Each structure stands twice: as structure tokens, then as C-alpha cells.
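The block underneath contains the structure these notes are about, expressed in C-alpha cells.
The values are calculated or read from the model by the stated rules, or taken from the named source; none is laboratory data. Computed from a prediction, not measured in an experiment: that's the story for all the values here. Every residue, glycine among them, receives a Cβ derived from its backbone with ideal geometry; neighbour counts consider all protein chains shown.
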Amino acid sequence: MKFKASVRLFTHIQLLPVLENGEETTLVGGQAVMEGVMMRSPHSYCVAVRKANGEIATQESPLPRLSDRYPIFKLPVIRGLGTLGSAMWLGMRALKFSADCAIGETTDEKKESGSVAMMFQILFSLVFMIGLYKLLPLFLATQLGHRFPAVGGRFAINMVDGTLRIAIFLGFMYLLSRLKEMHRVFEYHGAEHKVVFNFESGKPVNVRNAQSFVTWHPRCGTSFLVVVLIIAMICYAFLPFDNFWAKLAGRIALFPVIAGLSYEVIRFAAKKRSGLMAMLTQPGLWLQRVTTQAPSDEQTEVAIHALERAMALEAAQGGELVIA
């Protein structure tokens, strides 16, 4: 895999949670990928990618619901972990297909080497994210606590850690938004949201109708991550540890619980769209002004193509979608 393609893939992996949109319910959702969009229904998905020659390449498949196979994932909080895990797995699969289309890997040998490279990218990205969002802010907060006694207490250090984590996240998103190629990804992200809104409205799904909707959506991964950061800041503030490494271990161990709680908040806010819980998602909607951009008609067409193929496969399996 070429160096430039590797950099693009690494950047996309960092954005994967941000670009994800959807939940394991009767709603549709999706994700922006390289030069395309993945759309999912409860039991099917389709990835549509615009190739360099203008053609739209697709990958589609049935998608069994995790909660149907394992009823434990129907329980609150736990269902969030299952949904997040399934979404990340599917997101990586969709991203791999779009990367193959983008760099023209078609032979089995090239695809195999690409799969190995993808695994290294995933492992490196995981270590990178732990270092960037767990280790670095905690280290900086601890150093500030040693230097300034006013913020040297356990609670104060944890609050400074949370503030730095949010600042690092916002700074990282801003830097990515300045990259030309990422701007196109954010346009496809906007196309995905517009088409989902179009579908949820009950209006015929077409380019004209889709373009009339906004690009920010309450179930977006951007909103989810902002809620995660806010809830994590609150939870970590009360961890009863003073040792640096114990604090770090506690943050990593608590992440599944925080992710599950954040999922419930997003799920509730997407249905009510008012009240205190909805207010908690507002920062994520504001940030989507950065992570989503107005798409072209051609990009919106790709998102619609992905949705139509996913819907057709859903119907072929006897599925029925209910408009939220």
C-alpha cells in the first residue's frame, strides 16, 4: 500500500467513530468512507463508492442483528457496547472496501497485503488514540498539578485532565478539517446525513429532497464522542486514585461503561430532541458544522444509491423499516 494511501487510511480510522451514524433499531444509519458512503438498515448494509472513472462500485451483504443472536445486548448500557462494537467492525469493513476501490487493489494478492496493512493500521490507531486521549491529557494535568498547588488535588487534576482531553479532541478535529482530502470525506458525511433525514421524513428519497435538509444529525458519531468526553470528565473526576498509572488504568477500564451510558443519552436525545438530555448533545451538533459539509449532487447520489441497495436487500429478506 502506497504511503499516501496509508496516511489517508490512518486518518480515516481516527475519524471512524466521528463518521459513524446509526443504531441497531428500525432506523437507518450510515458512515462516510473514502469517496463514498456506507448505508445500513437493521439487517442489511451497502457500501457505495465513486470510482475515478465515475462508476459507482458497491459491496452489500445481509447484516444479522447482534441482539437477535445474543439477547443480553438488548439490555440498557450493554446494548450500547454491542452496537458500538458492531458499528466499528462494519465501519472497518466498509472502509477497507472503499480503500481498495480508491487505490485500485483488485487482485487477491493485493487485497491480502492490504488486509495485513489494515490490521497494522488498526493496532497503531488504537495505541495512538489511547496515547492521545488517555495518556497525554492525564500526564499534562499531573504535571500542572505538581507545578501549581491550586490544581494539585485529586479532583482538580481529574477535571483539568477532562478539560485537556476535550481541547485535544477539538484541536485534532480542526487540524483534520484543514486537510483537503478530509474536506471531501466531510462532504460525504454530510450527504449521508441528508439522505438519512430525507428517509426519516417520509418524503421520496431523491437528490432534490435530500439536499433540502441540514447536514447535522443527533445520532451522529460526532455527537456520541462529545457526550463520551463530557460523561468521562464527570466519571473520572471521582476516581479514588492518586497514582498516575492507577488513574490511567481506571480510565481505560471505565471506558466501556462510559460508552454504554453515552449511547443511552444519544438514543434518548434522538427520540425526544428536547430537555436536558437533548441539551447534552448540542455541543456535538455544533461540532458537526466542522465534521459535515454541504455535499454535491453527485455525492448525494452515491449516498442514495447505497441506501436504495441496502433497502432492497432488507426487503428481499422480508425486513420492514419503520420511519422514526
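Data for the structure
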{"read-out": "Conditions (1) modelled with pLDDT of 55 or more; (2) among the charged types (D, E, K, R); (3) within 22 Å of Cys220 (Cα to Cα); number of the one not met by Glu24", "value": "(1)"}
{"read-out": "Tabulated pairs, region 50-63, first of a type in the set (A, V, I, L, M), second assigned to a loop (DSSP other than H, G, I, E, B), C-beta under 6 angstrom, 6+ apart or interchain", "value": "Ala57/Lys51; Leu63/His43"}
{"read-out": "Inter-residue pairs, beta-carbon under 7 Å, first over 16 Å from Glu308 (Cβ atoms) and in region 193-213, second crowded, with 18+ Cβ neighbours inside 10 Å and among the charged types (D, E, K, R), 6+ apart", "value": "Gln211/Lys194; Phe213/Lys194"}
{"read-out": "Residue in region 53-66 that is over 15 Å from the mean Cα position of the chain (by Cα), farther than 21 Å from Val226 by Cβ, in a helix (DSSP H, G or I) and modelled with pLDDT under 85 present", "value": "yes"}
{"read-out": "Filter result for Met159 (in contact (Cβ under 8 Å) with a residue 24 or more places away in the chain, surrounded by 15 or more Cβ atoms within 10 Å (Cβ to Cβ), in contact with a Ser or Thr (Cβ under 9 Å, 6 or more places away or on another chain) and not basic (Lys, Arg))", "value": "no"}
{"read-out": "Evaluation of Leu81 against (1) under 14 Å from the mean Cα position of the chain (by Cα); (2) closer than 21 Å to Thr292 by Cβ (one fails), failing number", "value": "(2)"}
{"read-out": "Test set (1) more than 25 Å from Gly190 (Cα to Cα); (2) modelled with pLDDT under 60 - Pro76 fails condition number", "value": "(2)"}
{"read-out": "Subset of region 297-316 [within 17 Å of Met34 (Cβ to Cβ) and over 22 Å from the mean Cα position of the chain (by Cα)]", "value": "Glu298"}
